[in-house]
Each structure stands twice: as structure tokens, then as C-alpha cells.
Amino acid sequence: MTPAFSLCVYCGSRTGTATGFADAAVTVGRWIGEHGGQLVYGGGNNGLMGVMANATLAAGGRVVGVIPHALVEKEWAKLDCTELHVVDNMHERKRMMAERADAFLALPGGIGTFEEFFEVWTWRQLGYHDKPVGLLNLDGYYDTLLGFLGSSVQHGFMSDWQMELVRVGTEAPALLETLVNAAATASRRTSLSQI
Ligand code: AMP
């Protein structure tokens, strides 16, 4: 059956120090499954990534994992994904994840999560896709990043319209609903082949 929507989620390959992060990953994963959706993610079984994917599967959702050969052991590729794609390199991983998604969401994570979030945001501002991009600012985790980005606008290196391309939320269900609704009305025009 075709999923109601396909959401690409970027998040930590670790769980972080507070239990609230893993709880939020469960909420996101479960919400996707309970709403008939499909999770697209990096295909790992560790950290928030694994917690979230297990929650989606347990709630009856589809999970598409995309992982480069070189990370299959390091990130414990999740072999029970509905679809697990082992690809040649990181670029192929990110392109496939972007192509298979209707919208993107970043949860708390580390350097890999930051890089992926900034990449789809920059692709959006360049017009490579017009899919909604969200940031879940759980427990103020991203407060300092958002403060810095505001400072960049003040210093004239960024514009308000660029900031407005990202939907920031503090509650997972409300942000998920916003992204899925926005994806339903997006034109789905993409030029991801240009990447
Ligand atoms: P992290 O947020 O650092 O725990 O990483 C989360 C995910 O981002 C992992 O699956 C990493 O493989 C992935 N990732 C994607 N791009 C990069 C990158 N350029 N450097 C490190 N990790 C990356």
C-alpha cells in the first residue's frame, strides 16, 4: 500500500544524555507509523536513529533505510527495515534520502545531523527542491544555533526569507502535522539531479 506520506528524519547516532531525547524519537517514529506514513532515514540501528525506526515499525509504518557500504558495521545497519538500501557512498545516500522524502525533519543530533539539515536547507534555498524542512528544538537543544543564525541575519549574511524556509517547533506532533500538511500542498517540483 502506498504510504500516506514519506518523511525523512535526521537525528543522532547517539541517544544524548537526557532520556527526553529518546522519548521524542519514539514519539516521532510512532506518529509516522500511526498516521500511515513512511520513515526515510540513514538506516542505522544505533542512537536516536534506531530508537525512532523501531517505533515506526512497531506502529505499522514503513521504514526506508539508506546506508553507505562503509558504514554498515559502524552504524549497525538495521536489517529489518522495510527497505534497506546499501549504497556506494555518502552522496548517494543523501540524494536517495532526499528523493524518497516529501518533507525533512531534524531532531537533536551531532555533526552528521547538522550537516544533513543544513544541506537540505541550502538545497531548498537554491530551488533544488521545494519540500518543507523542519527543526525540532527539543528542550532548547537548538536555542544557541537559532541564536547564532539570528545573529547572521543581523550581520547581513543571511536574510529573513532564508530563515522562514525552516519550520521550527518544540512539540513533535504539532511540527509533524505542519510538515505533512505543507508537503501535501507543495508542488513536488525537484531538480535533485543537479546535485
Ligand atoms: P550524528 O548526528 O553525528 O550522530 O550522525 C547522524 C547521522 O548522520 C549518521 O548516520 C551519519 O552517518 C550521518 N552523516 C551524514 N553526513 C555526515 C557527515 N558529513 N559527517 C558525519 N556524519 C554524517
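Summary of computed values
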| item | result |
| --- | --- |
| Descending semi-axes in Å of the chain, equivalent ellipsoid built from Cα gyration tensor | 24, 19, 17 |
| Ranking by accessible area, most exposed first, for Phe157, Phe117, Phe148, Phe21 with a 1.4 Å probe | Phe157, Phe148, Phe21, Phe117 |
| Hz values of 3J(HN,Hα) by residue in the range 128-143 - Karplus curve (6.51, -1.76, 1.60), Gly and Pro given as x | 6, 7, 10, 8, x, 10, x, 10, 8, 8, 6, 6, x, 3, 9, 3 |
| Whole-angstrom gap from the range 68-102 to the range 1-58, using each part's C-alpha centre | 15 Å |
| Built amide H within the under 5 Å cut-off of Leu135, gap 5+ | Ala106, Arg167, Val168, Gly169 |
| Solvent exposure of the range 6-189 as accessible area per residue, Å², 1.4 Å probe | 46 Å² |
| With DNA, RNA and ligands ignored, accessible area of Asp160 (1.4 Å probe; Å², nearest 10) | 100 Å² |
| Asp143/Glu83 FRET efficiency (R0 30 Å; Cβ-Cβ; nearest 0.05) | 0.25 |
| Under-5 Å amide H pairs with Met158, H placed in peptide plane, nonlocal only | Val153 |
| Net length gained if the chain between Gln154 and Lys74 were fully extended (0.36 nm per residue, minus Cα distance) | 24.7 nm |
| Given 10 as the ceiling on other Cβ atoms within 10 Å, longest exposed-site-free region of the chain for GluC sites (Glu not before Pro) in DSSP loops | 74-163 |
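The values are calculated or read from the model by the stated rules, or taken from the named source; none is laboratory data. Remember, it's a predicted structure, so these values are computed and weren't measured experimentally. All Cβ positions, even for glycine, are placed from backbone atoms using ideal geometry, and neighbour counts span all protein chains on display. To get the accessible areas, we keep the full protein, side chains included, count just its heavy atoms, and leave off ligands, DNA and RNA. Shrake-Rupley method; radii C 1.70, N 1.55, O 1.52, S 1.80 Å.
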